[in-house]
Amino acid sequence: MSDCLFCRIIAGEIPSKKVYEDEQTFAFEDINPQAPTHTLIIPKKHIAGLKEAKPEDDALLGHLQLVAAKLARERGIENGYRTVLNVGPGAGQSVFHLHLHLIGGRKLGWPPG
Ligand code: 5GP
Ligand code: ZN
């Protein structure tokens, strides 16, 4: 989707700090980090958000989580990190290409805001 910010990041049309890529996923540093580690893991396939995901996307959604776990292991933040999907504007979703936040490297409060 040429008008989607994250599709354009995947295509390299908008620069990003890439941290990981495989056939199905792309991961890069969030431009406005909320913690020492704040990485976004996204599917290369355009899916607007969790609400729009289809039954055939189940393995892909699981894969995003496992990529987050791998990055967390590599970063040495396994004492405590969070993977977050903001779903819908009421939960703060501002980019409508599904993205998993990996947040860690500091004490994380609960419940989240
Ligand atoms: P949301 O609020 O939709 O869950 O998360 C969107 C995230 O994308 C935010 O944390 C925001 O800082 C990040 N973001 C927005 N635009 C860009 C961009 O152009 N580059 C990068 N690297 N991150 C972005
Ligand atoms: Zn997209």
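The values are calculated or read from the model by the stated rules, or taken from the named source; none is laboratory data. Keep in mind that what you see is a predicted model, and the values were worked out from it rather than measured. Glycine also receives a Cβ, built like all others from the backbone with ideal geometry; neighbour counts cover every protein chain displayed. Just the protein is used for accessible areas: all its heavy atoms, side chains included, with ligands, DNA and RNA removed. Shrake-Rupley method; radii C 1.70, N 1.55, O 1.52, S 1.80 Å.
Does Glu56 satisfy the criteria of being away from ligand 1 (no atom under 12 Å from the Cβ) and either more than 17 Å from Gln93 (Cβ to Cβ) or part of a strand (DSSP E or B) (or both)? Yes. Of the residues making up region 88-113, those that are open to solvent by 30 Å² or more (accessible area, probe 1.4 Å) and either aromatic (Phe, Trp, Tyr) or within 16 Å of ligand 2 (Cβ to nearest atom) (or both) are Ser94, Phe96, Trp110. Any residue that is in a loop (DSSP other than H, G, I, E, B), out of contact with any strand residue (DSSP E or B) (no Cβ under 8 Å at 6 or more places or on another chain) and open to solvent by less than 60 Å² (accessible area, probe 1.4 Å) - is there at least one of those in region 19-38? Yes; the residues of region 19-38 include at least one that is in a loop (DSSP other than H, G, I, E, B), out of contact with any strand residue (DSSP E or B) (no Cβ under 8 Å at 6 or more places or on another chain) and open to solvent by less than 60 Å² (accessible area, probe 1.4 Å). Cβ separations smaller than 7 Å between residues 6+ apart or across chains give the following pairs from region 53-78 residues that are free of Cβ contacts under 8 Å to residues at least 60 places away in the same chain to residues that are open to solvent by less than 80 Å² (accessible area, probe 1.4 Å) and part of a helix (DSSP H, G or I): Ala53/Leu61; Glu78/Ala72. Inside region 59-85, residues that are assigned to a loop (DSSP other than H, G, I, E, B) and closer than 12 Å to Leu40 by Cα make up a count of 1.
The residues on offer are Gly49, Gly76, Gly12, Gly62, and the sole one that is open to solvent by 30 Å² or more (accessible area, probe 1.4 Å) and within 15 Å of ligand 1 (Cβ to nearest atom) is Gly12.
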